[in-house]
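Student: There's a structure below that I have some questions on.
The values are calculated or read from the model by the stated rules, or taken from the named source; none is laboratory data. This one's a predicted model, so the numbers in the text were calculated from it and none came from an experiment. Here the Cβ is made from the backbone with ideal geometry for all residues, glycine too, and neighbour counts use every protein chain on show. Note: accessible area is taken over every heavy atom of the protein model, side chains too, but ligands, DNA and RNA are not part of it. Shrake-Rupley method; radii C 1.70, N 1.55, O 1.52, S 1.80 Å.
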Amino acid sequence: MSDYRALVCSRLGHWSGLAVERVARAPLQRGQVRLRVRHAGVGFAVSLFVSGQYQRKPPLPFTPGTEAAGEILEVAAGVDGLRVGQRVVAALDWGAFGEEVVVGAETVYPLPDGVALGSAAALPITYGTTWAALEWRARLQPGETLLVHGASGGLGMAAVQIGRLMGARVIATASSDGKRALALANGAHHALPADAGALAAAVKDLCGGAGADVVFDPVGGDLFDASLRCVANHARMLVIGFAGGRAAQVPSNLLLVKNVSVIGFNYGQYIGWGLRDERKLHAPAVQAVVGQVLAAIADGRMPPPVTQHFPFERWLEAIDTTMARRSLGKVVLDLEA
Ligand SMILES: NC(=O)c1ccc[n+]([C@@H]2O[C@H](COP(=O)([O-])OP(=O)(O)OC[C@H]3O[C@@H](n4cnc5c(N)ncnc54)[C@H](OP(=O)(O)O)[C@@H]3O)[C@@H](O)[C@H]2O)c1
(Lines give C-alpha, C1' and ligand atoms only; values in the text may rest on other atoms or scores of the structure.)
Protein backbone atom coordinates (compact mmCIF):
# COMPACT_ATOMS: atom_id res chain seq x y z
CA MET A 1 0.00 0.00 0.00
CA SER A 2 1.42 3.43 -0.83
CA ASP A 3 -1.39 5.00 1.15
CA TYR A 4 -3.90 3.86 3.78
CA ARG A 5 -7.08 4.97 5.57
CA ALA A 6 -6.69 7.02 8.73
CA LEU A 7 -8.75 9.29 10.95
CA VAL A 8 -7.27 12.76 10.52
CA CYS A 9 -7.34 15.86 12.72
CA SER A 10 -6.81 18.85 10.37
CA ARG A 11 -7.68 21.58 12.87
CA LEU A 12 -7.93 21.59 16.65
CA GLY A 13 -11.42 21.40 18.12
CA HIS A 14 -14.16 18.89 18.91
CA TRP A 15 -13.51 15.24 18.02
CA SER A 16 -16.58 15.20 15.71
CA GLY A 17 -14.46 17.34 13.34
CA LEU A 18 -12.15 14.39 12.62
CA ALA A 19 -12.45 12.76 9.16
CA VAL A 20 -11.36 9.50 7.52
CA GLU A 21 -8.88 10.24 4.72
CA ARG A 22 -6.27 8.45 2.68
CA VAL A 23 -2.80 9.19 4.01
CA ALA A 24 0.54 8.67 2.25
CA ARG A 25 3.00 6.21 3.77
CA ALA A 26 5.81 7.85 5.73
CA PRO A 27 9.35 6.68 4.93
CA LEU A 28 10.90 4.44 7.58
CA GLN A 29 13.86 5.91 9.50
CA ARG A 30 16.64 3.99 11.25
CA GLY A 31 15.39 2.42 14.49
CA GLN A 32 11.72 2.40 13.42
CA VAL A 33 9.18 -0.26 12.46
CA ARG A 34 6.03 -0.03 10.35
CA LEU A 35 2.92 -1.66 11.83
CA ARG A 36 -0.32 -2.88 10.31
CA VAL A 37 -2.74 -1.62 12.95
CA ARG A 38 -5.56 -4.12 13.64
CA HIS A 39 -6.93 -2.58 16.84
CA ALA A 40 -6.47 0.82 18.52
CA GLY A 41 -7.29 1.85 22.08
CA VAL A 42 -9.61 4.82 22.59
CA GLY A 43 -9.10 6.75 25.83
CA PHE A 44 -10.40 9.86 27.47
CA ALA A 45 -7.23 11.69 26.38
CA VAL A 46 -8.26 11.62 22.67
CA SER A 47 -10.52 14.61 23.32
CA LEU A 48 -7.63 16.51 24.89
CA PHE A 49 -5.30 15.71 21.97
CA VAL A 50 -7.68 16.88 19.25
CA SER A 51 -8.69 20.04 21.12
CA GLY A 52 -5.05 21.01 21.74
CA GLN A 53 -5.40 20.72 25.53
CA TYR A 54 -3.02 17.80 26.02
CA GLN A 55 0.54 18.41 27.20
CA ARG A 56 1.68 17.00 23.80
CA LYS A 57 0.63 18.99 20.73
CA PRO A 58 1.21 17.09 17.46
CA PRO A 59 1.75 19.19 14.31
CA LEU A 60 -1.38 19.44 12.11
CA PRO A 61 -2.63 17.43 10.33
CA PHE A 62 -2.20 14.34 12.49
CA THR A 63 -3.91 11.04 13.24
CA PRO A 64 -4.83 10.57 16.92
CA GLY A 65 -4.54 7.32 18.85
CA THR A 66 -1.68 6.28 21.13
CA GLU A 67 -2.23 2.52 21.61
CA ALA A 68 -2.00 0.03 18.75
CA ALA A 69 -2.11 -3.75 18.37
CA GLY A 70 -1.18 -5.41 15.09
CA GLU A 71 1.64 -6.96 13.10
CA ILE A 72 5.02 -5.68 11.97
CA LEU A 73 5.06 -4.90 8.22
CA GLU A 74 8.61 -3.56 7.92
CA VAL A 75 11.71 -3.21 10.10
CA ALA A 76 14.38 -0.53 9.50
CA ALA A 77 18.11 -0.86 10.15
CA GLY A 78 19.16 -0.51 13.78
CA VAL A 79 16.24 -2.51 15.24
CA ASP A 80 17.02 -5.63 17.27
CA GLY A 81 14.63 -8.34 18.40
CA LEU A 82 11.65 -7.42 16.18
CA ARG A 83 10.77 -9.11 12.87
CA VAL A 84 8.27 -8.80 10.02
CA GLY A 85 5.00 -10.62 10.77
CA GLN A 86 5.43 -10.50 14.56
CA ARG A 87 2.29 -9.71 16.62
CA VAL A 88 3.00 -6.64 18.74
CA VAL A 89 1.47 -3.81 20.73
CA ALA A 90 2.92 -0.30 20.65
CA ALA A 91 2.73 2.95 22.60
CA LEU A 92 2.67 5.78 20.05
CA ASP A 93 3.06 9.53 20.13
CA TRP A 94 -0.03 9.55 17.88
CA GLY A 95 -1.26 7.72 14.77
CA ALA A 96 -3.02 4.56 16.03
CA PHE A 97 -6.35 5.44 14.37
CA GLY A 98 -5.04 4.48 10.93
CA GLU A 99 -4.43 1.23 9.09
CA GLU A 100 -0.65 1.71 9.32
CA VAL A 101 1.73 3.57 11.58
CA VAL A 102 5.48 4.09 11.95
CA VAL A 103 6.93 3.90 15.46
CA GLY A 104 10.35 3.79 17.16
CA ALA A 105 11.27 0.27 18.26
CA GLU A 106 11.72 1.31 21.93
CA THR A 107 7.96 1.34 22.55
CA VAL A 108 7.03 -1.79 20.56
CA TYR A 109 6.33 -4.91 22.64
CA PRO A 110 6.04 -8.44 21.18
CA LEU A 111 2.88 -10.29 22.23
CA PRO A 112 3.34 -13.74 23.74
CA ASP A 113 1.10 -16.61 22.57
CA GLY A 114 -1.99 -16.63 24.74
CA VAL A 115 -2.57 -12.88 24.59
CA ALA A 116 -5.33 -12.11 22.08
CA LEU A 117 -4.64 -9.25 19.66
CA GLY A 118 -8.20 -7.88 20.00
CA SER A 119 -7.94 -6.87 23.65
CA ALA A 120 -4.20 -6.16 23.55
CA ALA A 121 -4.64 -2.58 22.31
CA ALA A 122 -5.32 -1.62 25.94
CA LEU A 123 -1.99 -2.95 27.17
CA PRO A 124 0.92 -0.68 26.19
CA ILE A 125 -0.32 2.52 27.86
CA THR A 126 -3.46 1.82 29.91
CA TYR A 127 -2.00 -1.24 31.65
CA GLY A 128 1.59 0.02 31.53
CA THR A 129 0.55 3.23 33.30
CA THR A 130 -1.42 1.40 35.94
CA TRP A 131 1.20 -1.24 36.74
CA ALA A 132 4.00 1.34 36.88
CA ALA A 133 1.98 3.71 39.10
CA LEU A 134 1.08 0.97 41.58
CA GLU A 135 4.55 -0.63 41.65
CA TRP A 136 7.01 2.24 41.15
CA ARG A 137 5.20 5.08 42.86
CA ALA A 138 2.64 3.72 45.36
CA ARG A 139 4.64 0.55 46.17
CA LEU A 140 1.38 -1.33 46.74
CA GLN A 141 1.89 -4.24 49.14
CA PRO A 142 -0.03 -7.53 49.47
CA GLY A 143 -2.78 -7.20 52.06
CA GLU A 144 -3.15 -3.43 51.62
CA THR A 145 -6.47 -1.86 50.71
CA LEU A 146 -6.57 -0.20 47.27
CA LEU A 147 -9.38 2.25 46.48
CA VAL A 148 -9.93 2.59 42.70
CA HIS A 149 -12.08 5.32 41.16
CA GLY A 150 -13.53 5.11 37.63
CA ALA A 151 -13.18 1.37 38.11
CA SER A 152 -15.08 0.35 34.97
CA GLY A 153 -13.05 2.69 32.72
CA GLY A 154 -9.80 1.91 30.93
CA LEU A 155 -7.30 2.71 33.66
CA GLY A 156 -9.67 1.99 36.54
CA MET A 157 -10.41 -1.54 35.32
CA ALA A 158 -6.69 -2.10 34.85
CA ALA A 159 -6.13 -0.98 38.46
CA VAL A 160 -8.79 -3.41 39.72
CA GLN A 161 -7.18 -6.33 37.88
CA ILE A 162 -3.55 -5.42 38.63
CA GLY A 163 -4.28 -4.47 42.26
CA ARG A 164 -5.93 -7.84 42.78
CA LEU A 165 -2.96 -9.59 41.17
CA MET A 166 -0.58 -7.70 43.48
CA GLY A 167 -2.50 -9.06 46.47
CA ALA A 168 -4.46 -5.96 47.50
CA ARG A 169 -8.00 -5.83 48.81
CA VAL A 170 -9.70 -3.79 46.11
CA ILE A 171 -12.55 -1.34 46.69
CA ALA A 172 -13.92 -0.08 43.37
CA THR A 173 -16.12 2.94 42.75
CA ALA A 174 -18.29 3.34 39.65
CA SER A 175 -21.41 5.25 38.69
CA SER A 176 -23.92 2.51 37.78
CA ASP A 177 -24.95 -0.98 38.86
CA GLY A 178 -23.67 -2.41 35.57
CA LYS A 179 -20.27 -0.75 35.99
CA ARG A 180 -19.98 -1.95 39.58
CA ALA A 181 -20.92 -5.50 38.54
CA LEU A 182 -18.15 -5.39 35.92
CA ALA A 183 -15.60 -4.29 38.51
CA LEU A 184 -16.67 -7.11 40.86
CA ALA A 185 -16.50 -9.65 38.03
CA ASN A 186 -12.93 -8.55 37.31
CA GLY A 187 -11.48 -8.84 40.77
CA ALA A 188 -12.81 -6.06 42.99
CA HIS A 189 -13.70 -7.28 46.49
CA HIS A 190 -16.21 -4.46 47.01
CA ALA A 191 -17.89 -1.92 44.73
CA LEU A 192 -19.32 1.40 45.86
CA PRO A 193 -21.28 4.12 44.02
CA ALA A 194 -19.17 7.01 42.70
CA ASP A 195 -20.87 9.22 45.29
CA ALA A 196 -18.46 11.64 46.93
CA GLY A 197 -20.89 12.44 49.72
CA ALA A 198 -21.17 8.84 50.87
CA LEU A 199 -17.65 7.64 50.07
CA ALA A 200 -15.73 8.28 53.27
CA ALA A 201 -18.20 6.52 55.57
CA ALA A 202 -18.58 3.55 53.21
CA VAL A 203 -14.81 3.04 52.78
CA LYS A 204 -14.11 3.36 56.50
CA ASP A 205 -16.88 0.90 57.19
CA LEU A 206 -15.28 -1.64 54.83
CA CYS A 207 -11.85 -1.05 56.43
CA GLY A 208 -12.93 -1.34 60.06
CA GLY A 209 -12.41 2.40 60.48
CA ALA A 210 -8.83 2.48 59.20
CA GLY A 211 -9.28 3.65 55.60
CA ALA A 212 -7.55 2.86 52.29
CA ASP A 213 -3.78 2.45 52.03
CA VAL A 214 -3.55 3.39 48.36
CA VAL A 215 -5.94 5.44 46.20
CA PHE A 216 -5.80 5.13 42.40
CA ASP A 217 -7.60 8.17 41.03
CA PRO A 218 -8.12 8.80 37.29
CA VAL A 219 -11.25 10.93 38.01
CA GLY A 220 -10.24 13.72 40.44
CA GLY A 221 -12.54 16.47 41.73
CA ASP A 222 -15.00 15.63 44.50
CA LEU A 223 -13.98 11.96 44.58
CA PHE A 224 -10.39 12.92 45.30
CA ASP A 225 -11.50 15.31 48.06
CA ALA A 226 -13.66 12.61 49.62
CA SER A 227 -10.85 10.04 49.38
CA LEU A 228 -8.61 12.25 51.49
CA ARG A 229 -11.12 11.74 54.28
CA CYS A 230 -10.98 7.94 54.19
CA VAL A 231 -7.29 7.09 53.90
CA ALA A 232 -5.22 5.19 56.43
CA ASN A 233 -2.04 6.40 58.13
CA HIS A 234 0.84 6.40 55.59
CA ALA A 235 -1.60 6.26 52.66
CA ARG A 236 -0.41 6.98 49.12
CA MET A 237 -2.83 8.77 46.78
CA LEU A 238 -2.03 8.41 43.08
CA VAL A 239 -3.09 11.39 40.96
CA ILE A 240 -3.64 9.73 37.57
CA GLY A 241 -6.13 11.87 35.65
CA PHE A 242 -9.07 14.25 35.74
CA ALA A 243 -11.84 12.49 33.81
CA GLY A 244 -14.37 14.21 36.09
CA GLY A 245 -13.18 17.59 34.79
CA ARG A 246 -11.59 19.14 37.90
CA ALA A 247 -8.11 18.78 39.36
CA ALA A 248 -8.47 18.76 43.15
CA GLN A 249 -6.61 21.24 45.39
CA VAL A 250 -4.89 19.40 48.24
CA PRO A 251 -5.27 20.72 51.83
CA SER A 252 -1.81 20.04 53.25
CA ASN A 253 -3.06 19.94 56.85
CA LEU A 254 -4.90 16.69 56.11
CA LEU A 255 -1.72 15.20 54.65
CA LEU A 256 0.25 16.08 57.77
CA VAL A 257 -2.16 14.57 60.27
CA LYS A 258 -2.01 11.06 58.78
CA ASN A 259 1.41 11.08 57.08
CA VAL A 260 -0.32 10.88 53.70
CA SER A 261 1.56 11.19 50.40
CA VAL A 262 -0.09 12.57 47.26
CA ILE A 263 1.81 11.23 44.26
CA GLY A 264 1.53 12.57 40.73
CA PHE A 265 2.14 10.00 38.03
CA ASN A 266 2.72 10.71 34.35
CA TYR A 267 3.56 7.60 32.29
CA GLY A 268 4.13 9.89 29.33
CA GLN A 269 7.46 10.95 30.81
CA TYR A 270 8.73 7.38 30.41
CA ILE A 271 7.57 6.87 26.81
CA GLY A 272 8.86 10.08 25.28
CA TRP A 273 6.08 12.59 25.99
CA GLY A 274 7.84 14.60 28.72
CA LEU A 275 9.52 18.00 28.43
CA ARG A 276 12.59 16.08 27.25
CA ASP A 277 12.19 12.92 25.16
CA GLU A 278 13.42 10.22 27.58
CA ARG A 279 11.95 7.15 25.88
CA LYS A 280 15.35 5.56 25.23
CA LEU A 281 16.49 6.16 28.82
CA HIS A 282 13.39 4.52 30.32
CA ALA A 283 12.84 1.82 27.68
CA PRO A 284 14.30 -1.04 29.80
CA ALA A 285 12.10 -0.20 32.82
CA VAL A 286 8.98 0.28 30.68
CA GLN A 287 9.65 -2.93 28.76
CA ALA A 288 9.95 -4.75 32.10
CA VAL A 289 6.57 -3.37 33.23
CA VAL A 290 4.77 -4.21 29.96
CA GLY A 291 6.49 -7.61 30.03
CA GLN A 292 5.05 -8.31 33.49
CA VAL A 293 1.55 -7.32 32.31
CA LEU A 294 1.83 -9.57 29.24
CA ALA A 295 3.21 -12.51 31.23
CA ALA A 296 0.43 -12.24 33.84
CA ILE A 297 -2.24 -12.42 31.12
CA ALA A 298 -0.46 -15.09 29.08
CA ASP A 299 -0.14 -17.48 32.02
CA GLY A 300 -3.67 -16.81 33.30
CA ARG A 301 -2.78 -15.01 36.56
CA MET A 302 -4.70 -11.94 35.39
CA PRO A 303 -7.79 -11.74 33.15
CA PRO A 304 -7.34 -10.00 29.78
CA PRO A 305 -8.50 -6.37 29.51
CA VAL A 306 -12.25 -5.86 29.30
CA THR A 307 -12.85 -4.26 25.91
CA GLN A 308 -15.78 -2.76 24.03
CA HIS A 309 -15.24 -2.91 20.26
CA PHE A 310 -16.34 -0.61 17.43
CA PRO A 311 -15.57 -1.07 13.71
CA PHE A 312 -13.42 1.73 12.27
CA GLU A 313 -16.42 3.19 10.41
CA ARG A 314 -18.08 3.84 13.78
CA TRP A 315 -15.15 5.85 15.15
CA LEU A 316 -17.41 8.74 16.20
CA GLU A 317 -19.63 6.43 18.27
CA ALA A 318 -16.51 4.94 19.86
CA ILE A 319 -15.20 8.33 20.99
CA ASP A 320 -18.68 9.56 21.99
CA THR A 321 -19.14 6.43 24.13
CA THR A 322 -15.91 7.13 25.99
CA MET A 323 -16.61 10.81 26.49
CA ALA A 324 -20.25 10.34 27.50
CA ARG A 325 -19.20 8.00 30.31
CA ARG A 326 -21.01 5.06 28.68
CA SER A 327 -17.97 2.83 28.13
CA LEU A 328 -17.53 -0.47 29.88
CA GLY A 329 -13.81 -1.27 30.07
CA LYS A 330 -11.50 -0.08 27.32
CA VAL A 331 -13.03 1.15 24.07
CA VAL A 332 -11.23 -0.36 21.05
CA LEU A 333 -11.45 0.59 17.37
CA ASP A 334 -11.15 -2.42 15.05
CA LEU A 335 -9.34 -1.39 11.86
CA GLU A 336 -8.94 -4.92 10.45
CA ALA A 337 -7.44 -3.65 7.20
N1 LIG B 1 -1.29 9.67 34.42
C2 LIG B 1 -1.07 9.02 33.30
O3 LIG B 1 0.06 8.65 32.95
C4 LIG B 1 -2.27 8.69 32.43
C5 LIG B 1 -2.18 7.74 31.40
C6 LIG B 1 -3.33 7.48 30.63
C7 LIG B 1 -4.52 8.16 30.91
N8 LIG B 1 -4.56 9.09 31.90
C9 LIG B 1 -5.79 9.83 32.25
O10 LIG B 1 -6.61 8.99 33.05
C11 LIG B 1 -7.96 9.41 32.92
C12 LIG B 1 -8.85 8.21 32.63
O13 LIG B 1 -8.54 7.71 31.35
P14 LIG B 1 -9.30 6.41 30.79
O15 LIG B 1 -8.73 6.18 29.44
O16 LIG B 1 -9.30 5.33 31.80
O17 LIG B 1 -10.78 6.98 30.62
P18 LIG B 1 -12.17 6.19 30.55
O19 LIG B 1 -11.96 4.81 30.05
O20 LIG B 1 -13.08 7.09 29.83
O21 LIG B 1 -12.59 6.10 32.09
C22 LIG B 1 -12.80 7.25 32.88
C23 LIG B 1 -13.78 6.95 33.99
O24 LIG B 1 -13.94 8.16 34.71
C25 LIG B 1 -15.25 8.22 35.24
N26 LIG B 1 -15.79 9.56 35.09
C27 LIG B 1 -16.22 10.36 36.08
N28 LIG B 1 -16.65 11.52 35.63
C29 LIG B 1 -16.53 11.49 34.29
C30 LIG B 1 -16.83 12.40 33.26
N31 LIG B 1 -17.34 13.61 33.52
N32 LIG B 1 -16.59 12.04 31.97
C33 LIG B 1 -16.05 10.84 31.70
N34 LIG B 1 -15.73 9.91 32.65
C35 LIG B 1 -15.97 10.24 33.94
C36 LIG B 1 -16.10 7.18 34.49
O37 LIG B 1 -16.51 6.21 35.43
P38 LIG B 1 -17.88 6.37 36.25
O39 LIG B 1 -18.97 6.67 35.25
O40 LIG B 1 -18.03 5.07 36.90
O41 LIG B 1 -17.65 7.50 37.19
C42 LIG B 1 -15.14 6.54 33.49
O43 LIG B 1 -15.29 5.14 33.47
C44 LIG B 1 -7.97 10.49 31.84
O45 LIG B 1 -7.98 11.75 32.47
C46 LIG B 1 -6.66 10.26 31.11
O47 LIG B 1 -6.19 11.45 30.49
C48 LIG B 1 -3.45 9.36 32.68
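Student: How far is helix 154-165 tilted off the main Cα axis of the chain, in degrees rounded to 10, range 0 to 90?
Tutor: Roughly 60 degrees between the two axes.
Student: For the chain, which whole percent of the accessible surface, found with a 1.4 angstrom probe, sits on carbon and sulfur atoms? Walk me through the numbers before you get to the answer.
Tutor: On the way: 7180 of 13810 Å².
Answer for the chain: carbon and sulfur cover 52 percent of the accessible area.
Student: Starting at the first residue of region 282-292, write each ³J(HN,Hα) from the Karplus equation 6.51 cos²θ - 1.76 cosθ + 1.60 with θ = phi - 60°, in whole Hz, x for Gly and Pro.
Tutor: For region 282-292, the Karplus-derived couplings read 8, 3, x, 5, 5, 4, 5, 5, 4, x, 5 Hz, x marking Gly and Pro.
Student: For helix 196-206, what angle does its Cα long axis make with the longest principal axis of the chain, in degrees from 0 to 90 and rounded to 10?
Tutor: Rounded to the nearest ten degrees, it is 70.
Student: From the square roots a ≥ b ≥ c of the eigenvalues of the alpha-carbon gyration tensor of region 127-265, which class results: rounded (a/c under 1.5), prolate (a/b over b/c), or oblate? Walk me through the numbers before you get to the answer.
Tutor: Working: a/c = 1.26, a/b = 1.18, b/c = 1.07.
Here region 127-265 falls in the rounded category.
Student: Here's another thing I want to ask about it. Given H placed on each backbone N at 1.01 Å, which residues far from residue 308 in sequence or on other chains put an amide H within less than 5 Å of it?
Tutor: 330, 331, 332
Student: In whole Hz, what ³J(HN,Hα) sequence does region 118-127 give by Karplus (6.51, -1.76, 1.60; θ = phi - 60°), x for Gly and Pro?
Tutor: Coupling constants for region 118-127: x, 8, 6, 4, 7, 7, x, 10, 4, 7 Hz.
Student: Please report the net charge: other residues with Cβ closer than 10 Å to the Cβ of residue 3, K and R +1, D and E -1.
Tutor: Values: positive: 5, 22, 25; negative: 21, 99, 100.
The answer is 0.
Student: Okay, next question. Near the amide H of residue 170, under 5 Å away, which other amide H atoms are found, from residues 5 or more places off or on another chain, if H is placed in the peptide plane?
Tutor: Those qualifying (amide H under 5 Å, at least 5 residues apart or on another chain) are 146, 189, 190.
Student: Continuing with the same structure: Averaged per residue, what accessible area in Å² does region 3-79 show with a 1.4 Å probe, protein chains only? Walk me through the numbers before you get to the answer.
Tutor: Numbers: 3460 Å² over 77 residues.
I get 45 Å² per residue for region 3-79.
Student: Antiparallel DSSP bridges in the chain: what percent, to the nearest 5?
Tutor: Details: 33 of 58 bridges.
DSSP beta bridges in the chain are roughly 55 percent antiparallel.
Student: Let me confirm the definition first: pairs of Lys residues in the chain, 8 or more apart or on different chains, C-alpha distance under 22 Å. How many are there?
Tutor: On the way: 57/280; 179/204; 179/330; 204/258.
The result is 4.
Student: Where Lys and Arg each count +1 and Asp and Glu each count -1, what net charge lies around residue 214 among other residues with Cβ under 15 Å from its Cβ?
Tutor: Values: positive: 137, 139, 164, 169, 236, 258; negative: 135, 144, 213, 217.
Net local charge, residue 214 excluded: +2.
Student: For residue 246, what residues show an amide H to amide H distance below 5 Å, using hydrogens built from the backbone and excluding near sequence neighbours?
Tutor: Here the answer is 221, since their amide H atoms fall under 5 Å of that of residue 246.
Student: Per residue, how large is the accessible surface of region 166-245? Use a 1.4 angstrom probe and give square angstrom. Could the numbers behind the result be given before it?
Tutor: Numbers: 2970 Å² over 80 residues.
Per residue, region 166-245 has an accessible area of 37 Å².
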